[in-house]
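K.L.:
One structure coming up, written as structure tokens, with questions to follow.
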Amino acid sequence: MKFPETLSAERRTLIEDAAAKLQREYGAGFLGMVLSGSAGRGLETERSDLDVIVVVTPELVQRPLRRDTELELLPVTLEHLETLATFGDDQWGYRWSYAWAPTLLDTTGGRIEAAIERQGRLRPEEAVALLEQRLDAWINLAYRSLKSARDGNLLAARMDAAEAITPFRDVVFALDGQVRPYSKYLSWALHHHPLQSWPTAVLLETIEHYLTGNPEVIRQSLKKVQESELPIVQETFDGWAAEQYDALRR
């Protein structure tokens, strides 16, 4: 098995013992393992459990597996891993749980590892579909925040700016062809898999300023995203070009 270097010997043994038991019980129905969660990204603490995705054949996926404070085994089929949920689907929220997660064992000739790689990345058509839904939502929240800041309602400005952070991150990561990471893993993802269009330090600082409702930084982020040459970006911003939306620009 291929373990992350950060994983302790005790935890490696725990997973190896679980794999050996699964092999005995499931035989050829046991296809592989992927280490998700904090441990899969080298961020585990002494309070972290091990989230291990166990890939099995369809007839075995409903069998109960171990779930306790030390180790949680999460059964999925290979077909599930190879199916890409679209934004808005019930399964969308799970896509980043697979992103950059190390494959510990793959008996399928690389299909598990390839599926995990695809889950964390957006195909161009997926990115456009996500932008169609999230770009306008982000601009709307940014506009509301900027209007409140202009009118002196700083609490409302901060609240709307904080709410805008999620669609803002959706947009920024989609423009780079990535699924947005969970908040807990944002810094890790940016440092290990940086975006091409946003320097890591700049993006993290921008998000910090959103939490304070900083109008200047919000406008800078709008301007930066608008530099994209994607037609969907230009079309969406064109819809906010009227004079009544001048708060977006000044």
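The values are calculated or read from the model by the stated rules, or taken from the named source; none is laboratory data. These numbers come from a predicted model, not from an experiment. All Cβ positions, glycine included, derive from the backbone under ideal geometry; neighbour counts span all protein chains shown.
K.L.:
Does residue 106 satisfy the condition of being in the same structural domain as residue 236 (by TED's automatic domain parsing) and either among the hydrophobic types (A, V, I, L, M, F, W, C) or modelled with pLDDT of 95 or more (or both)? Let's see the steps before the verdict.
P.N.:
Values: in the same structural domain as residue 236 (by TED's automatic domain parsing): no; either among the hydrophobic types (A, V, I, L, M, F, W, C) or modelled with pLDDT of 95 or more (or both): yes.
It is false that residue 106 is in the same structural domain as residue 236 (by TED's automatic domain parsing) and either among the hydrophobic types (A, V, I, L, M, F, W, C) or modelled with pLDDT of 95 or more (or both).
K.L.:
Could you please find all residues in segment 140-171 being among the aliphatic types (A, V, I, L, M) and either touching a helix residue (DSSP H, G or I) at 6+ places or on another chain (Cβ under 7 Å) or under 17 Å from residue 86 (Cα atoms) (or both)?
P.N.:
The answer is 141, 142, 146, 149, 156, 157, 161, 162, 164, 165, 171.
K.L.:
Output the number of the condition that residue 226 fails; it satisfies all remaining conditions of (1) touching a Phe, Trp or Tyr at 6+ places or on another chain (Cβ under 7 Å); (2) touching a residue at least 12 places away in the same chain (Cβ under 8 Å).
P.N.:
The one condition residue 226 does not meet is (2).
K.L.:
How about segment 68-97: which of its residues are more than 16 Å from the chain's Cα centre (by Cα) and within 15 Å of residue 122 (Cα to Cα)? Before you say what the answer is, go through the steps one by one.
P.N.:
Initially, segment 68-97 is screened for residues more than 16 Å from the chain's Cα centre (by Cα), giving 68-80, 82-83.
Across segment 68-97, the qualifying residues are 82, 83.
K.L.:
Considering only residues that are part of a loop (DSSP other than H, G, I, E, B) and closer than 24 Å to residue 18 by Cα, which ones fall in segment 85-111?
P.N.:
99, 100, 101, 102, 107, 108, 109, 110
K.L.:
Just to be sure before I move on: is residue 118 more than 20 Å from residue 92 (Cβ to Cβ) and charged (D, E, K, R) in the structure I sent?
P.N.:
no
K.L.:
Of the conditions (1) of a type in the set (Val, Ile, Thr); (2) without any contact (Cβ under 8 Å) to a residue 60 or more places away in the chain; (3) closer than 20 Å to residue 133 by Cα, residue 207 satisfies every one except a single condition; which number is it?
P.N.:
(3)
K.L.:
Here's a follow-up. Please identify the pairs in which a residue from segment 4-21 that is closer than 15 Å to residue 36 by Cα has its Cβ atom under 6 Å from the Cβ atom of a residue that is of a type in the set (Phe, Trp, Tyr), counting only partners at least 6 apart or on another chain.
P.N.:
12/3
K.L.:
May I pose another question? Only one residue in 167, 194, 215, 199 is touching a Ser or Thr at 6+ places or on another chain (Cβ under 6 Å) and either surrounded by fewer than 19 Cβ atoms within 10 Å (Cβ to Cβ) or in contact (Cβ under 8 Å) with a residue 12 or more places away in the chain (or both). Which one?
P.N.:
Answer to the check: 194.
K.L.:
So which residues in segment 85-113 are surrounded by 15 or more Cβ atoms within 10 Å (Cβ to Cβ), over 28 Å from residue 225 (Cβ atoms) and of a type in the set (Gly, Ala, Ser), if there are any at all?
P.N.:
The one that is surrounded by 15 or more Cβ atoms within 10 Å (Cβ to Cβ), over 28 Å from residue 225 (Cβ atoms) and of a type in the set (Gly, Ala, Ser): 101.
K.L.:
Also, quick follow-up: Identify the single condition in (1) in contact (Cβ under 8 Å) with a residue 40 or more places away in the chain; (2) under 22 Å from residue 119 (Cβ atoms) that residue 66 does not satisfy, given that it satisfies every other one.
P.N.:
Residue 66 satisfies all of (1) in contact (Cβ under 8 Å) with a residue 40 or more places away in the chain; (2) under 22 Å from residue 119 (Cβ atoms) except (2).
K.L.:
Okay, moving on. Any residue that is under 26 Å from the mean Cα position of the chain (by Cα) and of a type in the set (A, V, I, L, M) - is there at least one of those in segment 19-33?
P.N.:
Yes, that holds for at least one residue.
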